[in-house]
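Input: a single structure, listed below in structure tokens.
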Amino acid sequence: MKAVWGEEYDWRKDKLYPCPVCPKCHEEVGKIQGKYRCFACGMEVELEPDMVSWFGEREETKTVMRDCLPDKVVDIDGKKIRMGCGGKGCVEVHMMRNPATLEWQTMGGECKKCGRSFVV
């Protein structure tokens with residue numbers, strides 16, 4: 001079956017945006033093991049050319065390097081926790097596009113020097 005256009009909600013921007021949805025249950029579709037399927041019912045769907053380009057923009061990712069947090073030890077519930085190493089340009093940050101606005105947003109990252117990692 002062919003996917004149809006529907007709407008999804010982006011809670012970060014409090015905004016509805018158009019997206020391909022399942023023709024059967026009208027839930028969002030996405031790539032699962034290399035095929036576009038409904039996230040709710042699992043049905044495989046075909047995409048129109050404009051839907052393929054819609055996904056192309058939103059599947060784009062990039063990696064940027066940033067500085068690590070300052071080398072500082074804090075006490076949290078009686079445990080000494082190191083917050084960062086203070087290194088310059090050593091945190092690899094993974095970013096993806098916001099599906100509603102196409103703005104870059106952070107997914108997570110890791111300091112290549114001290115190993116500190118985070119997920120958003």
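We did not get these values from a lab; they are worked out from the coordinates using the rules stated. From a predicted model like this one, the values you see are computed outputs, not experimental measurements. Here Cβ is always computed from backbone atoms with ideal geometry, including for glycine, and neighbour counts include all displayed protein chains.
Filter segment 86-120 down to residues that are out of contact with any strand residue (DSSP E or B) (no Cβ under 7 Å at 6 or more places or on another chain) and β-branched (Val, Ile, Thr), then give me how many there are.
Qualifying residue count, segment 86-120: 1.
Can you pull out the strands (runs of 3 or more DSSP E) entirely within segment 43-96 that have at least 2 residues that are among the β-branched types (Val, Ile, Thr), closer than 30 Å to residue 20 by Cα and free of Cβ contacts under 8 Å to residues at least 40 places away in the same chain?
Those strands (runs of 3 or more DSSP E) span 61-66.
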